[in-house]
Amino acid sequence: HYQPQVKADTQKITGFEALLRWNNKKYRLVTPDVFIPMAEQTRLIRSIGLWVFQTACEQLKVFQDRFHEDFSMSINLSIEQLRDDDIANKINNILRDTGTNAANIQIEITESIAFDEDTVILQRLEELKKLGVSIAIDDFGTGFSSFDRLRTFPIDLLKIDICFVHGISSGSQKDRAIIKSIIQLAKNLGMETLAEGVETRDQFLYLQEIGCNYMQGYYFYKPMPAKEIASLLQAKPEETPGPGD
Ligand code: C2E
Ligand code: CA
Ligand code: CA
């Protein structure tokens, strides 16, 4: 499935996040929290991850060609994929074979990546970055990012975790303060921010007011199959739709 991401000031769709589902005959649509941990344990995630990467690149091309927009595609990469020392080469081949402009691809790595593998991960991220893709830190604020990591890793965007975003609605001053600080920190480090799991108008308005760059969540769009995305973009060819449409 693909979930649209919007620019905070215009609410226009700028890109999509590829979110894997397993369409199983018996269990119907299985969500990734059920099978990704197993795929990681068995290392199957390496081949599944490359399939996701290829499929998402092909789909991006279809969206771009059909709607003449410079959309981006965010793709989740598991730590297990980063342990593959040939990953940058494999991704480079997919980019080349699918005719994808690396500048339109964003790789998402969750913040909870293992502490003791910093040098390996830094090396992989630098190799990936050299291909021209951008790098986002997922679930930011819940894991192990130290200031040292923020300083040394080649990061372009921080994805503010859903738990802080939901805190906006419950009136949590602490959550609001944390979000503001993340946005300031990102700005000062020359990075951008995306808020995840935006579900309500008050969350949207607050995040817009404090200068968050991008948003993603049910308030705008749910993750959906490519076909539904195409109908959505088709519905208003002159302007990509905003919330409530
Ligand atoms: P994630 O990368 O943090 O993805 C965001 C999750 O939040 C997605 O769950 C998405 O459907 C959900 N979400 C989006 N908007 C909202 C909202 O407004 N409210 C709420 N409550 N949830 C929202 P999903 O699709 O079940 O994916 C779960 C996790 O599985 C992802 O978390 C990601 O870590 C992992 N995952 C998904 N696809 C892949 C993949 O291709 N490769 C790898 N390695 N991991 C993947
Ligand atoms: Ca993600
Ligand atoms: Ca996340």
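Do you know which residues across the range 203-238 are aliphatic (A, V, I, L, M) and part of a helix (DSSP H, G or I)?
Filtering the range 203-238 for residues aliphatic (A, V, I, L, M) gives 205, 207, 210, 215, 224, 226, 229-230, 232-233, 235.
Residues satisfying the conditions are Leu205, Leu207, Ala226, Ile229, Ala230, Leu232, Leu233, Ala235.
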- May I ask you to list pairs of residues, at least six apart or on different chains, whose Cβ atoms are under 9 Å apart, with the first in the range 89-114 being of a type in the set (Asp, Glu) and surrounded by fewer than 16 Cβ atoms within 10 Å (Cβ to Cβ) and the second being modelled with pLDDT of 95 or more and assigned to a helix (DSSP H, G or I)? Asp97/Gln54; Asp97/Cys57
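Could you tell me whether Ser112 is touching a Gly at 6+ places or on another chain (Cβ under 6 Å) and among the hydroxyl-bearing types (Ser, Thr, Tyr)? I'd like the intermediate steps shown before the answer.
Values: touching a Gly at 6+ places or on another chain (Cβ under 6 Å): yes; among the hydroxyl-bearing types (Ser, Thr, Tyr): yes.
Judged against the criteria, Ser112 is a match.
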- Query: Taking only pairs six or more apart or across chains, which ones have beta-carbon atoms under 9 Å, a first residue in the range 7-33 that is polar (S, T, N, Q), and a second residue that is assigned to a strand (DSSP E or B) and modelled with pLDDT of 95 or more?
  - Reply: Gln11/Met215; Thr14/Pro4; Thr14/Gln5; Thr14/Val6; Thr14/Lys7; Thr14/Ser72; Thr14/Tyr214
- Item | Residue that is of a type outside the set (Ser, Thr, Tyr) and touching a residue at least 60 places away in the same chain (Cβ under 8 Å), where the choices are Ile168, Ile229 | Ile229
- Query: Looking at (1) over 24 Å from Leu194 (Cβ atoms); (2) among the aromatic types (Phe, Trp, Tyr); (3) outside any helix (DSSP H, G or I), can you tell me which one Trp51 breaks?
  - Reply: (3)
- Query: When only residues in the range 157-181 that are charged (D, E, K, R) and within 16 Å of ligand 1 (Cβ to nearest atom) count, which is surrounded by the fewest Cβ atoms within 10 Å (Cβ to Cβ)?
  - Reply: Asp175
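The values are calculated or read from the model by the stated rules, or taken from the named source; none is laboratory data. On a predicted model such as this, the values are computed, not experimentally measured, just so you know. Note that each Cβ is placed from the backbone with ideal geometry, even for glycine, and that neighbours are counted across all protein chains shown.
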